[in-house]
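Student: So that we are looking at the same thing, I have put the structure below in structure tokens.
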Amino acid sequence: MIKYILPVILALASCNGLLTDTKDPVVSNEPIDTLNIASKVRIEPALLEKAFIAGTSQFVNKNEFHLYGTEIGTINIPSGRLIACDPLHVDEYGIPFTQQFPKGEFPVQLAIASIGGEEKVAFARVLFSDAPVTRWQMATTGDQQSLPVGGEEIVGFSVDGSTAIYMDEVVKKSFDPKLAENYSSPLFVAMDKHYRRRWRFAMFPIGEHKVAAFSTGMGDGYFASYTGFDSAGQVCRLTTDFNIFEWRQKEQ
């Protein structure tokens, strides 16, 4: 995994991805509610859960990040076929996960990592239930093969516009590529209305459904997602890691 250090963070802070030839949007004054989560972490990797708990700290090269979770809205999942991808490439890479997810309306939450007055989205997730996770499994699409959770090698999706989205496969059929073809497109304009300190988000309507859009960690990259199961074997999480922290084990 790429090793991020503070100078790199500060150097990248002025670049939030695709076509950034304009000034940063105006920082929104809307309140951000910190998630009030009791610690129920029962299994490693603990960070996939603790990152959403206010007061959690994580070090990178002796630099301390402070984490908290926030909820940005809810998405409805009518088919149970959930997609996570870069909105710039929905037609090509908007492939649903092979795992069937619960149908219904569920909250989308972000884990925000803060350091030196700057913030980044460290993780995103769809919360299917409050049940504690007892098993994690790497989420796959198409012909991807699931790999051991916590290993150095991952499968996931690529981002080259510093933004990811969650949506149901049904919504993809109505997703016009022009909605996200550049930073002047409607999806990104909607995200600018919720701009924070170097991250932004939007719950973007597509017909009677919504797409959850949010910034991705340091920007572009290749990101893995993990399905969490509860003690009854039911899906309770879908969590995406944006590579801010080195929690995976390196091969010797």
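The values are calculated or read from the model by the stated rules, or taken from the named source; none is laboratory data. Note that the structure is predicted; figures quoted are calculated from it, not measured. In this analysis, Cβ positions are derived from the backbone assuming ideal geometry, glycine residues included, and neighbour counts consider all displayed protein chains. To get the accessible areas, we keep the full protein, side chains included, count just its heavy atoms, and leave off ligands, DNA and RNA. Shrake-Rupley method; radii C 1.70, N 1.55, O 1.52, S 1.80 Å.
Student: From S162, S114, S146, which residue is among the hydroxyl-bearing types (S, T, Y) and either more than 22 Å from R248 (Cα to Cα) or open to solvent by less than 20 Å² (accessible area, probe 1.4 Å) (or both)?
Tutor: S162
Student: If you don't mind, there's one more thing I want to ask. Show the residue pairs meeting these rules: Cβ distance below 9 Å; 6+ apart or different chains; first residue within region 142-162 and without any contact (Cβ under 8 Å) to a residue 24 or more places away in the chain and part of a strand (DSSP E or B); second residue open to solvent by 20 Å² or more (accessible area, probe 1.4 Å) and among the aliphatic types (A, V, I, L, M).
Tutor: Every condition considered, no pair remains.
Student: Based on what the data block shows, is K193 touching a residue at least 40 places away in the same chain (Cβ under 8 Å) and open to solvent by 50 Å² or more (accessible area, probe 1.4 Å)?
Tutor: yes
Student: Something else about it: Could you tell me whether M203 is touching a helix residue (DSSP H, G or I) at 6+ places or on another chain (Cβ under 9 Å), outside any loop (DSSP other than H, G, I, E, B), open to solvent by 10 Å² or more (accessible area, probe 1.4 Å) and not aromatic (F, W, Y)?
Tutor: It is true that M203 is touching a helix residue (DSSP H, G or I) at 6+ places or on another chain (Cβ under 9 Å), outside any loop (DSSP other than H, G, I, E, B), open to solvent by 10 Å² or more (accessible area, probe 1.4 Å) and not aromatic (F, W, Y).
Student: State whether one or more residues within region 120-139 are open to solvent by 60 Å² or more (accessible area, probe 1.4 Å) and more than 30 Å from S57 (Cβ to Cβ).
Tutor: Scanning region 120-139, I find no residue that is open to solvent by 60 Å² or more (accessible area, probe 1.4 Å) and more than 30 Å from S57 (Cβ to Cβ), so the answer is no.
Student: Taking the condition in contact with an Asp or Glu (Cβ under 7 Å, 6 or more places away or on another chain), surrounded by 14 or more Cβ atoms within 10 Å (Cβ to Cβ) and more than 18 Å from D91 (Cα to Cα), does F214 pass?
Tutor: no
Student: Tell me, please, whether a residue that is under 19 Å from G69 (Cβ atoms), modelled with pLDDT of 95 or more, in contact with an Asp or Glu (Cβ under 6 Å, 6 or more places away or on another chain) and not acidic (D, E) can be found in region 175-196.
Tutor: Scanning region 175-196, I find no residue that is under 19 Å from G69 (Cβ atoms), modelled with pLDDT of 95 or more, in contact with an Asp or Glu (Cβ under 6 Å, 6 or more places away or on another chain) and not acidic (D, E), so the answer is no.
Student: Among the residues of region 222-236, what is the count of those that are under 14 Å from V159 (Cβ atoms) and buried (at least 17 other Cβ atoms within 10 Å of the Cβ)?
Tutor: 3
Student: Among the residues of region 45-100, write down those that are open to solvent by 50 Å² or more (accessible area, probe 1.4 Å), touching a Lys or Arg at 6+ places or on another chain (Cβ under 8 Å) and not polar (S, T, N, Q).
Tutor: Once the filter is applied, which keeps residues that are open to solvent by 50 Å² or more (accessible area, probe 1.4 Å), touching a Lys or Arg at 6+ places or on another chain (Cβ under 8 Å) and not polar (S, T, N, Q), region 45-100 yields only P78.
Student: If I ask for residues that are open to solvent by less than 70 Å² (accessible area, probe 1.4 Å) and in contact with a strand residue (DSSP E or B) (Cβ under 6 Å, 6 or more places away or on another chain), which ones from region 24-43 would you list?
Tutor: Step one: filter region 24-43 for residues open to solvent by less than 70 Å² (accessible area, probe 1.4 Å), giving 25, 28, 30, 32, 35, 37-38, 41, 43.
Selection gives I32, L35.
Student: Can you confirm whether D168 is open to solvent by 60 Å² or more (accessible area, probe 1.4 Å) and under 24 Å from E105 (Cβ atoms)? Can you show your working first?
Tutor: Details: open to solvent by 60 Å² or more (accessible area, probe 1.4 Å): no; under 24 Å from E105 (Cβ atoms): yes.
It is false that D168 is open to solvent by 60 Å² or more (accessible area, probe 1.4 Å) and under 24 Å from E105 (Cβ atoms).
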